[in-house]
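The values are calculated or read from the model by the stated rules, or taken from the named source; none is laboratory data. Predicted model only: the values in this text are computed from it and were never measured. FYI the Cβ positions are ideal-geometry reconstructions off the backbone, even for glycines, and counts take in every protein chain you see. Areas reflect the complete protein model, heavy atoms only, side chains present, ligands, DNA and RNA absent. Shrake-Rupley method; radii C 1.70, N 1.55, O 1.52, S 1.80 Å.
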Amino acid sequence: MLLRILVAEHLPLVRRGLVASLGAEADLEVVADVGHGQEIGVAAMEHEPDAAVIDLDLPDLGGLNAAARLRELTPGCRVLILSAQPNPGQVRRAFEAHAVGFMSLDVAPESLAEGLRAMGAGGRAVDSELALAALESAANPLTPRERDVLRVAAGGARSTEIAGELFLSVGTVRNHLSRIMCKTGARNRIDAVRIASDSGWL
């Protein structure tokens, strides 16, 4: 059975490499390739792919939001997320976004192809060590609003700037930051950003 693939990767050279390697497989056909999250919906509706390979760091929507959007538009399309720096938290978040595959961006082409075939047959495609680490890792202790605050803080914003961007009071922002540092065990907000990023919570 021919498996129809959509590739979403923002780096042109990497995207072309993915298209070429997957296209070389007799039972895989790349029906569309895009470089931005906003392009996924149009491509999916036009080509109705069986599976999608999506970069976690895709511009605009981000890979996980793009995966969720794809599920809304084409429920039968099974998603595999690629990450340049995979960690257990990312795997957990990918599966929460209804992806059924997760691999490192430096995966061997033949392993990616085998993973897509497994997905096409109704299975999952994830590195066994990553899957085990994801099961053993702690769940994200941050609330959605705390994640929002920390994402803005990660850009170097001060409490007043975070408050303005998220339409919160400065006091509320400070309370959120205080809870974030307690939950992560961080010494300061920079440390909290590092811990949350390393854990895949952002």
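Considering all projection directions equally, how large on average is the shadow of the alpha-carbon convex hull of segment 35-144, in square nanometres?
So the Cα hull casts an average projection of 7.0 nm².
Can you give me the three principal axis dimensions of segment 85-202 from its C-alpha atoms, in Å, biggest first?
Rounded to whole Å, the extents work out to 52, 25, 22 Å.
If you plug each phi of segment 169-178 into the Karplus form 6.51 cos²θ - 1.76 cosθ + 1.60 with θ = phi - 60°, what whole-Hz ³J(HN,Hα) values come out, in order, with x for Gly and Pro?
Working through the residues one at a time gives 7, 4, x, 5, 4, 5, 5, 4, 4, 5 Hz.
Ignoring ligands, DNA and RNA, please state the percent of accessible area on the chain from carbon and sulfur, probe 1.4 Å.
Of the solvent-accessible surface of the chain, carbon and sulfur hold 52 percent.
Can you give the charge dipole size of segment 52-124 about its Cα centre, rounded to the nearest 20 debye, using +1 on the beta carbon of Lys and Arg and -1 on the beta carbon of Asp and Glu?
For this selection, approximately 300 debye.
Which whole-number value in Å² is the accessible area per residue of the chain, probe 1.4 Å?
Here the per-residue accessible area is 51 Å².
In deg cm²/dmol and to the nearest 500, what is the mean residue ellipticity at 222 nm of the chain if only DSSP H runs of at least 4 residues count, each as -39500 (n - 2.57), divided by the residue total?
-15500 deg cm²/dmol
With unit charges on the beta carbon (Lys/Arg positive, Asp/Glu negative), name the residue among L112, T74, I5 whose Cα is farthest towards the positive pole of the charge dipole of segment 1-159.
T74
Roughly how many debye, to the nearest 20, is the charge dipole of the chain about its Cα centre, given +1 on each Lys and Arg Cβ, -1 on each Asp and Glu Cβ, and no other charges?
Charge dipole of the chain: 1100 debye, to the nearest 20.
Compute and list, largest first, the equivalent-ellipsoid semi-axes of the chain from the alpha carbon gyration tensor, each √(5λ) rounded to a whole angstrom.
Equivalent ellipsoid of the chain: 34, 18, 14 Å, largest first.
For L2 and R187, compute 0.36 nm times the residue count separating them, minus their Cα-Cα distance, and round to one decimal in nm.
61.3 nm
Give the separation of the Cα centroids, segment 147-202 to segment 83-124, in Å.
29
List the pair-distance distribution P(r) of segment 1-67, using every Cα-Cα distance, as the percent of pairs falling in each 10 Å bin from 0 up to the bin containing the longest distance, rounded to whole percents.
Whole-percent P(r) values from 0 Å outward: 24, 55, 20, 1.
Residues in segment 1-28 near a label at E114, defined as backbone nitrogen under 18 Å from the 7 Å Cα→Cβ point?
Hits in segment 1-28 for E114 at 18 Å: 21-28.
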